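Please read the structure below before turning to the comments.
The values are calculated or read from the model by the stated rules, or taken from the named source; none is laboratory data. Predicted, not measured: the structure shown is a model, and the values here were computed from it. Quick reminder, even Gly has a Cβ in these numbers, built from the backbone with ideal geometry, and neighbours come from all protein chains shown.
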Amino acid sequence: MNPGGLPLRRGLISIKDLTKEQIEAVLSESAKMLNACQCGADVNYLDNKIMATLFFEPSTRTRLSFESAMQRLGGGVIGFADPSSSSSMKGESLADTVRIVSSYSDIIVLRHPMEGAASEASASSLVPVINAGDGTGEHPTQALLDLFTIKMEKGRLGKLKVAVVGDLKNGRTVHSLAYALALFGNQILFIAPKKLQVPDEVLSGLSRRYSGMVEKSESLESALDADVIYMTRMQKERFASPDEYGLFANYYSINRKFLSRANDEVILMHPLPRVGEISPEVDGMKNSVYFKQAAYGVPVRMAILNMIIGQQSGIV
Ligand code: NCD
């Protein structure tokens, strides 16, 4: 049985593919995986499966937490972290690479600089494809681990004021997270310089599907009463020139002084890597949960992998 009954057999391309109930099922399986790992329980549910990680863009957390998740589930891992060692350097198309690798594996995890790449890949794949970031598009598994973190740290997922800060135009984690936050009835405050505000298509997608409150601001001060502050970095590699990036680098930064003025119960999140948006001086404060958030990547991705290619969850 596919635990949770998720229709994920074709993979996970966009957070919009999931209903609220399906997201809840992922979070509940993730909690079981976390518990099983903490108890040292046997979770070899995927011991006859192989996951391929095809990473055409840099990654630390996403690739390694997927690989750790698969290995904890007893599965094998193949793939590349550097496309220069793959045949794409010889001019092979993404469709051909994916078609071939899908005959060597049971699931493909793909990161690619082109928006829409995961969707395109899934059309030529014989096995499910997970979108691990497609350019400025989406990053659905990050959104699921972000939601899991909010649930673990705040005890609930709805009726929260969530301030999302930084490069909201190019940051794909935000594009996926915004849909999920809206689905659960949260108030979202998008804080960004005008030129880097959340794209109109994301905003119109939100208003078409949900009635929740969405606001925009340029000032970090408006995050002071938020329940969750979700910082993101300026996406240097997506700017037209180093000069343009220079205009926005260090635009927002959270330090001890700012946090001491914020809602005492606020949680401070970041998909990482950080490049100055959060001062290391706040790492030890009770509000800072970004390292925990990164660690939750493993149980959440264990749940996702098992829900897509596992025969049974086996977790009670
Ligand atoms: C993010 C990404 O790749 O989109 N990183 C991650 O997966 N944790 C965020 C980023 O690179 O800024």
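Applying the selection to region 205-224, what residues are modelled with pLDDT under 95, buried (at least 16 other Cβ atoms within 10 Å of the Cβ) and in a helix (DSSP H, G or I)?
Passing the criteria: GLY205, LEU206.
Inspect all residues belonging to region 256-273 and state whether any of them is within 30 Å of ASN44 (Cβ to Cβ) and crowded, with 24+ Cβ neighbours inside 10 Å.
Checked against the condition, which is being within 30 Å of ASN44 (Cβ to Cβ) and crowded, with 24+ Cβ neighbours inside 10 Å, region 256-273 yields at least one hit.
Working carefully through the options VAL164, VAL202, VAL198, VAL174, find the one that is of a type outside the set (Ser, Thr, Tyr), closer than 27 Å to ALA117 by Cα and in a strand (DSSP E or B).
Exactly one of VAL164, VAL202, VAL198, VAL174 is of a type outside the set (Ser, Thr, Tyr), closer than 27 Å to ALA117 by Cα and in a strand (DSSP E or B), namely VAL164.
Yes or no: ILE100 modelled with pLDDT of 95 or more, within 23 Å of GLY137 (Cα to Cα) and not assigned by TED's automatic domain parsing to the domain that holds LEU183?
no
Being touching a Cys at 6+ places or on another chain (Cβ under 7 Å) and in contact (Cβ under 8 Å) with a residue 24 or more places away in the chain narrows it down to one of ARG9, ARG72, ARG63, so name that one.
Numbers: ARG9 fails: touching a Cys at 6+ places or on another chain (Cβ under 7 Å); ARG63 fails: touching a Cys at 6+ places or on another chain (Cβ under 7 Å).
So the residue among ARG9, ARG72, ARG63 that is touching a Cys at 6+ places or on another chain (Cβ under 7 Å) and in contact (Cβ under 8 Å) with a residue 24 or more places away in the chain is ARG72.
For the subset of region 75-122 comprising residues that are of a type in the set (D, E, K, R) and in contact with a strand residue (DSSP E or B) (Cβ under 7 Å, 6 or more places away or on another chain), which member is farthest from GLU201 (Cα to Cα)?
Per the criteria, the residue is ASP106.
Tell me which residues, restricted to region 135-175, are acidic (Asp, Glu) and surrounded by fewer than 22 Cβ atoms within 10 Å (Cβ to Cβ).
Going through region 135-175, the residues acidic (Asp, Glu) turn out to be 138, 146, 153, 167.
Correct list: GLU153 only.
For the subset of region 6-60 comprising residues that are among the polar types (S, T, N, Q) and more than 16 Å from the ligand (Cβ to nearest atom), which member is nearest to the chain's Cα centre (by Cα)?
If we filter region 6-60 for residues that are among the polar types (S, T, N, Q), which is where we start, we get 14, 19, 22, 28, 30, 35, 38, 44, 48, 53, 59-60.
Narrowing the set further to residues that are more than 16 Å from the ligand (Cβ to nearest atom) leaves 19, 22, 28, 30, 35, 38, 44, 48.
Values: THR19: 17, GLN22: 16, SER28: 17, SER30: 14, ASN35: 21, GLN38: 23, ASN44: 24, ASN48: 27 Å.
Once the filter is applied, the top-ranked residue is SER30.
Out of all the residues in region 117-164, which are basic (Lys, Arg) and closer than 16 Å to TYR179 by Cβ?
Residues satisfying the conditions do not exist here.
Residue by residue, here is whether (1) away from the ligand (no atom under 16 Å from the Cβ); (2) closer than 30 Å to LEU183 by Cα; (3) in the same structural domain as ILE150 (by TED's automatic domain parsing) holds:
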| site | (1), (2), (3) |
| --- | --- |
| PHE239 | no, no, yes |
| ILE254 | no, yes, yes |
| ARG261 | yes, yes, yes |
| ARG274 | no, yes, yes |
| GLU281 | yes, no, yes |
| LYS286 | yes, yes, yes |
| ILE304 | no, yes, no |
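Going by the structure shown, is TYR230 among the hydroxyl-bearing types (Ser, Thr, Tyr), outside any loop (DSSP other than H, G, I, E, B), within 16 Å of the ligand (Cβ to nearest atom) and out of contact with any Phe, Trp or Tyr (no Cβ under 7 Å at 6 or more places or on another chain)?
When the stated conditions are applied, TYR230 passes them.
Could you tell me whether ARG72 is crowded, with 20+ Cβ neighbours inside 10 Å and in contact with a strand residue (DSSP E or B) (Cβ under 9 Å, 6 or more places away or on another chain)? Before the answer, list the steps.
On the way: crowded, with 20+ Cβ neighbours inside 10 Å: yes; in contact with a strand residue (DSSP E or B) (Cβ under 9 Å, 6 or more places away or on another chain): no.
Spelling it out, it is not the case that ARG72 is crowded, with 20+ Cβ neighbours inside 10 Å and in contact with a strand residue (DSSP E or B) (Cβ under 9 Å, 6 or more places away or on another chain).
So, in region 3-58, how many residues would count as being in contact with a Ser or Thr (Cβ under 9 Å, 6 or more places away or on another chain), buried (at least 16 other Cβ atoms within 10 Å of the Cβ) and assigned to a loop (DSSP other than H, G, I, E, B)?
Residues meeting the conditions: 5.
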